[in-house]
Amino acid sequence: MTEIKIQKNVLSKNDELAAELRRDFARKGVLVLNMLSSPGSGKTTLLEKTARALAGKLRIAAIEGDLQTERDADRIRAAGVRAVQINTGRGCHLDANMIANILPKLEVAELDVLFIENVGNLVCPAAFDLGEDFAVLLMSVTEGDDKPAKYPTAFLKADLLVLNKLDLQPYTNFDIERFRGDVARVKPSLPMLQVSCTTEQGLESWFQWIERKTKAKRERPRR
Amino acid sequence: MHEMSIAINIVRTLKDEMALHPGTTLKKVKLGIGEFSGVEVESLRFSLEFALAEENWQGVEFEMAKTPLGAKCKECGARFNADSSDFRCPKCGSDKFDIEAGQSVTIDSITVE
């Protein structure tokens, strides 16, 4: 019997491919955002609003990940944005290979921003690098303020936190200060935006964040 | 439930590795399960059974150990294991750090005969 040391990351194949995608996105100067959230937190609605607000300013496309149906892609297309759908079947996450396979359907070099709407799930998508510049975690007040403590993985991966459905907060027991404290325990440096897609409160700061990051990416590609 | 894709990736990696050691049989595999990999150990064991059967591999023992979240402070360079209740550098208190381990599943070693 011989023990052989290996020290190999099981997802190294995914990570290598993601690194390749990241280099390609940098060459083309497109900002790529990996959108993480639970089902029903308002990802698609946020994208619709974003697409309408930034139309004419930025060239946007979206990759929609879902277990089934083209519904999300249809909604995004109706907002005037080029969208492709990946149906994962029973799969709970997108991986770099799925992104690489669908990219030929999008003219990436002609884009400023590419949104990847991951499968609604706070656990599995956090494990898979897709070559994005930033992971944006969308949460809504109706999900409860205990999520940072229960799903630290997603919060740890996130580069920006967007708290949605702020207009419904008075009807829930969601405590924003407690939430903020729990987020800070997992990732103190994680910035948070508070928005409501219904009343459009706070959305301006989200649009500005995208415009700022797009400009930075165009001028000085990361990596 | 991404344990199945993790299991398939493990078996794939093991196949590549075994190709480097012809004439031997795989007996044991040591896995490091990152505390923040989002992987459920029992569910992974269950998925591995199916992934192994697919390759007609039998009698492989899996040993799984938790890998804590290892971080390196961006301010003072100290390496530390982050506690899931407090993500700060114990040396200088900074909240800026790079994660170096504990977010993935690793194959640490294999034992062949």
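The values are calculated or read from the model by the stated rules, or taken from the named source; none is laboratory data. Everything numeric in this text was worked out from a predicted model, so none of it was measured. Because the Cβ atoms are built from the backbone with ideal geometry, glycine has one as well, and the counts that use them run over all protein chains shown. We work out accessible area using only protein heavy atoms, side chains counted, and drop any ligands, DNA or RNA first. Shrake-Rupley method; radii C 1.70, N 1.55, O 1.52, S 1.80 Å.
The stretch between A:Lys13 and A:Asp74 holds 18.8 nm of extra length on full extension. This uses 0.36 nm per residue minus the Cα-Cα distance.
Inside 10 Å of the C-beta atoms of B:31-38, what's the mean count of C-beta atoms belonging to other chains? Intermediate values should be presented prior to the final figure.
Values: counts 1, 3, 1, 4, 2, 7, 6, 15.
That works out to 5 on average.
Think of the stretch A:30-128 as a dipole: +1 on every Lys or Arg Cβ, -1 on every Asp or Glu Cβ, centred on the Cα centre; then among A:Leu36, A:Ala53, A:Asn97, A:Ala53 lies furthest on the positive end. Mean residue ellipticity at 222 nm, helices only, chain A: -11000 deg cm²/dmol; runs of at least 4 DSSP H residues each add -39,500 (n - 2.57), and the sum is divided by the number of residues. Size of the stretch B:28-113 from its Cα atoms: along the principal axes, largest to smallest, the extents are 51, 26, 14 Å. The charge dipole of chain A, taken about its Cα centre with unit charges on the Cβ atoms of Lys, Arg (+1), Asp and Glu (-1) only, comes to about 620 debye. Mean sequence separation of contacting Cα pairs (under 8 Å, at least six apart), scaled by the length of chain A, corresponds to a relative contact order of 25 percent. Taking amide H as placed 1.01 Å from N in the peptide plane, B:Arg88 has its amide H under 5 Å from the amide H of B:Asp83, each at least 5 places away in sequence or on another chain. Compare the Cα positions of B:Thr67, B:Met18, B:Cys89 along the charge dipole of chain B (+1 at Cβ of Lys, Arg; -1 at Cβ of Asp, Glu; about the Cα centre) and return the one farthest towards the positive end. It is B:Cys89.
Other chains' Cβ within 10 Å of A:50-62 residues: what's the mean?
What the average comes to for A:50-62 is 0.
For the chain pair B and A, buried accessible area totals roughly 2700 Å², probe 1.4 Å, rounded to the nearest 100.
Taking all pairs of distinct Cα atoms, average 1/r, flip it, and tell me the Kirkwood hydrodynamic radius of the stretch A:138-223 in Å to one decimal place. Result for the stretch A:138-223, one decimal place: 13.9 Å. The percentage of C-alpha pairs in the stretch A:1-137 whose separation is greater than 25 Å is 25%.
Could you give the C-alpha radius of gyration of the protein assembly as shown expressed as a fraction of 2.2 N^0.38 Å, taking N as the number of residues it contains? Display every interim value, and only then the final one.
Numbers: Rg = 21.1 Å, N = 336, 2.2 N^0.38 = 20.1 Å.
Taking the Cα Rg and dividing by 2.2 N^0.38 Å, one obtains 1.05.
In the context of the full set of protein chains, residues of the protein assembly as shown present 47 Å² of accessible surface per residue (probe radius 1.4 Å, heavy atoms only).
Just counting partner chain Cβ atoms within 10 Å, what average do the residues of peptide A:118-130 show around their Cβ? Walk me through the numbers on the way to the answer.
Working: counts 0, 0, 0, 3, 1, 6, 7, 2, 5, 11, 3, 2, 0.
Going residue by residue through A:118-130 and averaging, the value is 3.
Each peptide in A:21-34, A:66-79 was scored by the mean count of other Cβ atoms within 10 Å over its residues; highest first, the order is A:21-34, A:66-79.
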